[in-house]
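Nothing in this text is a laboratory measurement; each read-out follows from the coordinates by a stated rule. From a predicted model like this one, the values you see are computed outputs, not experimental measurements. Here the Cβ positions follow ideal geometry from the backbone for every residue, glycine too, while neighbour counts run over all protein chains shown.
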């Protein structure tokens with residue numbers, strides 16, 4: 001890729017844009033490491049090329065055929081096959097004389113690296129490794145491709161091209177450009193190996209994924225590692241996650257489903273309890289509403305005037321007797337706002353009257369049987385705190401009404417009689433106590449006198 005970019009700029013100038021199309025996504029990262037004549041401006045995979053053709057409606061049947069521009073590669077088209085690079089470079093592949101071993105595919109490459117490390121003095125060969133089973137099966141190719149069918153297509157294309165290949169022209173091009181192009185590669189030590197985790201850490205991860213016993217360590221390879229232990233080591237290194245273990249993932253999923261089922265059952269019970277609570281709340285609300293209606297109905301039938309106010313002295317509820325007691329203005333107001341609900345008590349009663357309400361709301365102390373004049377009426381008023389500092393109520397009785405006057409006279413005469421009886425009892429007690437004391441003193445004098453005579 002880099003060599004082709006340099007040659008292209010030698011032939012067509014430094015201002016051209018170079019796009020590389022290939023099967024390897026690693027080329028995208030490689031392209032970022034070069035600048036100048038070796039710069040590759042963009043890297044496309046074959047999958048991306050197909051998407052580009054589809055997006056711009058480019059079809060083979062609608063374009064003119066054209067071969068690649070020279071200089072052409074000789075056996076370079078075989079590079080897509082794993083050992084094709086050896087033939088392209090003219091390296092000997094003979095099993096008896098060759099010095100290169102080719103391995104392709106994940107498992108074969110990892111095994112080759114392990115054996116190379118452990119037996120390098122014995123093997124003494126170069127390794128040609130393809131992790132993705134050759135470029136023709138690279139990650140940038142379309143999924144589902146058939147490896148050997150692709151290999152056949154590659155070799156057939158190479159044979160077809162080489163039938164009329166001008167080897168001398170190719171050799172001249174190689175000499176011409178090899179002197180002008182820098183193909184030298186430099187390598188620096190950049191150890192990317194991670195430190196090995198402790199045995200305790202590995203065992204802890206094996207315990208988490210349920211692989212403590214030897215019979216649990218299936219080594220199914222679904223995670224991409226050869227053994228459960230290798231997987232645990234790489235989890236400890238941060239290279240993978242426990243969810244990649246299919247047995248652990250399934251167990252976690254089953255546990256999650258079981259937990260979800262229990263949660264759903266609890267939710268169903270909670271929902272049922274909520275519905276029952278809601279049903280009971282509706283019943284309680286209905287009962288409260290009925291009780292309120294009964295209370296309100298009874299309140300309206302009371303002969304005494306009743307009014308209930310809030311902390312702002314706004315009427316919450318009042319009965320018809322209260323409205324009648326206030327007079328015509330209140331009755332007119334009642335026609336607009338039934339029950340005087342929301343009316344300001346300060347506009348309905350004189351100052352000394354509504355101050356009693358303020359006092360009850362402030363002190364939370366009840367006022368009982370207080371006589372108050374309202375115009376030409378004498379009212380007997382009792383005020384009560386219903387909700388501390390928030391709601392107060394009052395009962396007013398017109399003392400000039402015959403039935404109230406008779407009742408109140410009897411009540412007050414009874415109070416006077418009770419008070420007088422109480423006073424008489426106290427006087428009698430004092431008199432009795434005094435007589436008894438006098439008797440004791442006289443007896444004491446008599447006894448003293450008798451004792452003197454003797």
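Considering only the chain, what is the antiparallel percent among its DSSP beta bridges, to the nearest 5?
75 percent
Could you estimate the translational diffusion coefficient of segment 1-62 from the Stokes-Einstein equation, with Rh from the Kirkwood formula over C-alpha pairs, at 4 °C and 1.567 mPa s, in whole µm²/s?
Value of D from the Cα-based Kirkwood radius: 103 µm²/s.
Two decimals is fine: what's Rg over Rh for the chain, C-alpha atoms, Kirkwood radius as Rh?
Reported Rg/Rh, Kirkwood definition of Rh: 1.53.
Taking the Cα centroid of segment 42-120 and of segment 144-170, what is the distance between the two, rounded to the nearest whole Å?
11 Å
When 248, 65 are ordered from fewest to most other Cβ atoms inside 10 Å of their Cβ, what list results?
65, 248
How long is the gain from residue 191 to residue 4 if the chain were fully straight, where each residue apart is worth 0.36 nm and the alpha carbon distance is subtracted?
64.4 nm
So the label point goes 7 Å from the Cα of residue 382 along Cα→C-beta, right? Which residues of segment 274-313 then have their backbone N under 14 Å from it?
303-307
Quick one: angle between helix 402-453 and the longest Cα principal axis of the chain, in degrees between 0 and 90, rounded to 10, please.
70 degrees
Please give the calculated 222 nm ellipticity per residue for the chain, where each DSSP H segment of at least 4 residues contributes -39500 (n - 2.57) and the sum is spread over every residue; nearest 500 deg cm²/dmol?
-17000 deg cm²/dmol
Evaluate Rg over Rh across segment 199-244, taking Cα atoms for both radii and Kirkwood's formula for Rh.
0.91
Going by how many other Cβ atoms sit within 10 Å of their own, how do 318, 296 line up, fewest first?
So the residues, fewest neighbours to most, are 296, 318.
Which value, in nm² and rounded to one decimal, describes the direction-averaged projected area of the C-alpha convex hull of segment 2-178?
Taking a quarter of the hull surface, the average projection is 13.3 nm².
Could you calculate the contour length gain from residue 53 to residue 165, that is, 0.36 nm times the residue separation minus the distance between their Cα atoms, to one decimal place in nm?
Separation in residues times 0.36 nm, less the Cα-Cα distance, equals 37.3 nm.
Just rank 122, 165, fewest to most, by other beta-carbon atoms within 10 angstrom.
Least crowded to most crowded, the residues run 122, 165.
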